[in-house]
Amino acid sequence: MTAVGQQSGGGMSIGSVLDRLRPDFPDVTISKIRFLEAEGLISPERTASGYRRFSIEDCERLRYVLTAQRDHYLPLKVIKEQLDALDSRATVAVVDGTSAPRSARILALAPGSVSPTEFLGERRVRMSRDDLLTRTGVEESFLLELQKSGLLSAGPAGFYDEEAVVLVSTAAAMAQYGLEVRHLRAFKLAADREATLLAQVAGPVALGRDAGARDRAEELIRELAALSLSLHTSLVKSAVHGILDK
């Protein structure tokens, strides 16, 4: 076993942490862990020879960060603020009715502000067309119309994900107000333009030669996506107020 994979009584190696996290986060890598360390999300100790030694709390902080990114798509800046808030509390956590020492507490995901960056996450749920119809309650003709208009698409194997449920349900709700699928094309075109703009900014970052280049690019897109959707929301609100005030 290499030095990276070794474990001693002084803490876990980065390889051991990777083994703990991969069952729940298959895409996590050593470079990702090092990137999160560089961003100040964790601070593992170092041996005299320079190897990282991770504590249980370090591992749980990583689990917290990865969960917040995967399930809530929060930017690292927001996640770090939540972790800092947790660190500033003097109380200890109670896990299964037992008060746990601060160094070994299990971090619960702190409630955050609404995160609009969900189009970035990887959706592992796979559902058939029939499953999607059952989940959303729409007619198959409506689903086909969404697909013909380019608003909805299945994965390479013909399956849909959770985002498809949100999209179809939202489109169906808007249809109740008289907005037909052809009207929703404007939203799709606007989203495509925004995505292209974000790609132009993050693309050069992803092409960097260092190990953390892709992680930095993904984080940049998350933050820009959150900002772009916040701007979009503000612009729509302002426009609506202008219409109502006429």
Self-check item: Restricting region 124-148 to residues that are within 27 Å of the chain's Cα centre (by Cα) and polar (S, T, N, Q), the residue that is surrounded by the most Cβ atoms within 10 Å (Cβ to Cβ)
Solution: Thr136
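Could you say which residue among Ser234, Ser228 is part of a helix (DSSP H, G or I) and touching an Asp or Glu at 6+ places or on another chain (Cβ under 6 Å)?
Details: Ser234 fails: touching an Asp or Glu at 6+ places or on another chain (Cβ under 6 Å).
Being part of a helix (DSSP H, G or I) and touching an Asp or Glu at 6+ places or on another chain (Cβ under 6 Å) holds for just one of Ser234, Ser228, which is Ser228.
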Exercise. Go through Leu36, Leu74, Leu41, Leu66 for me and flag whichever is touching a Phe, Trp or Tyr at 6+ places or on another chain (Cβ under 8 Å) and either at pLDDT 90 or above or crowded, with 18+ Cβ neighbours inside 10 Å (or both).
Key: Leu66
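Each row is one residue, and each column tells you yes or no for (1) under 23 Å from His72 (Cβ atoms); (2) surrounded by 15 or more Cβ atoms within 10 Å (Cβ to Cβ); (3) touching a Ser or Thr at 6+ places or on another chain (Cβ under 7 Å); (4) not β-branched (Val, Ile, Thr).
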{"position": "Phe159", "(1), (2), (3), (4)": "no, yes, yes, yes"}
{"position": "Ala191", "(1), (2), (3), (4)": "yes, yes, no, yes"}
{"position": "Pro204", "(1), (2), (3), (4)": "no, no, no, yes"}
{"position": "Leu227", "(1), (2), (3), (4)": "yes, no, no, yes"}
{"position": "His241", "(1), (2), (3), (4)": "no, no, no, yes"}
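The values are calculated or read from the model by the stated rules, or taken from the named source; none is laboratory data. These figures come from a predicted structure and were not determined experimentally. All Cβ positions, even for glycine, are placed from backbone atoms using ideal geometry, and neighbour counts span all protein chains on display.
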